[in-house]
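Written out below as structure tokens is the structure these notes cover.
Since every read-out is calculated from the coordinates, none of them should be taken as a lab result. Predicted model only: the values in this text are computed from it and were never measured. Quick reminder, even Gly has a Cβ in these numbers, built from the backbone with ideal geometry, and neighbours come from all protein chains shown.
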Amino acid sequence: MRYGKLLMVRSADKERFKTLADLDKPGLTIAYNKGGLNDRFAHSEFKHATPTGYPNNQLATADLLAGKVDAQVQDSTAAVYMARINPALAAMAPENVFHPVHVAILLRREDQTLQNFLNIWIAHVEMDGTLAAIRKKWLG
């Protein structure tokens, strides 16, 4: 799975904030959860806006909804999901994931049987539409 960072904004602000440059301005506040990759992203990408740390994403999202911050750094899958279940939230430019990475599982190199099984299973759920249905259900 490929994922990375996205900015979550209030739906009312989605036309106002379309790029990182739109958010990286003095007087704007960017929420992030402390201690992880969101923390690192907020401090490396925002030079003019004020990054504000929270102990968890739920508190950061609550302050975003309350208008206490202008945006929130979020994992891309979480941002898309949150925007899907809460119409007051929007994932800013979900097609433009920042710092993309691929998520994978590790297998013992010599376990060819398990590797073959997983590769066949992945191909199967992609071809029969199961994976697309799961993505649609959770990410819209």
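Here are a few things to note about the model shown:
- The packing ranking of peptides 29-39, 57-67, highest mean first, is 29-39, 57-67, where packing means the average number of other beta carbon atoms within 10 angstrom of each residue.
- For Met92, distant residues with modelled amide H under 5 Å away: Leu7, Met8, Val9
- When restricted to Cα atoms, the stretch 2-102 yields an Rg and a Dmax of 11.8, 34 Å, respectively.
- Residues in the stretch 107-112 carry Karplus couplings, in order, of 10, 5, 3, 7, 8, 5 Hz; the curve used is 6.51 cos²θ - 1.76 cosθ + 1.60 with θ = phi - 60°, and Gly or Pro positions show x.
- Long pairs among Lys5/Lys68; Lys14/Lys34; Lys18/Lys137; Lys18/Lys47; Lys5/Lys136; Lys68/Lys136, criterion Cα-Cα beyond 23 Å: Lys14/Lys34; Lys18/Lys137; Lys68/Lys136
- Derived scalar couplings ³J(HN,Hα) [the stretch 86-93; Karplus, 6.51 cos²θ - 1.76 cosθ + 1.60; whole Hz; x for Gly, Pro]: 10, x, 7, 10, 9, 8, 6, 6
- Each DSSP beta bridge with both residues in the chain is either parallel or antiparallel, and the antiparallel ones are about 60%.
- At full extension, His99 and His48 could sit 16.4 nm farther apart than now, given 0.36 nm per residue minus the alpha carbon distance.
- Taken one residue at a time, the phi angles of the stretch 30-45 give Karplus couplings (6.51, -1.76, 1.60, θ = phi - 60°) of 10, 7, 7, 8, 5, x, x, 5, 5, 4, 4, 4, 4, 7, 8, 9 Hz. Gly and Pro are set to x.
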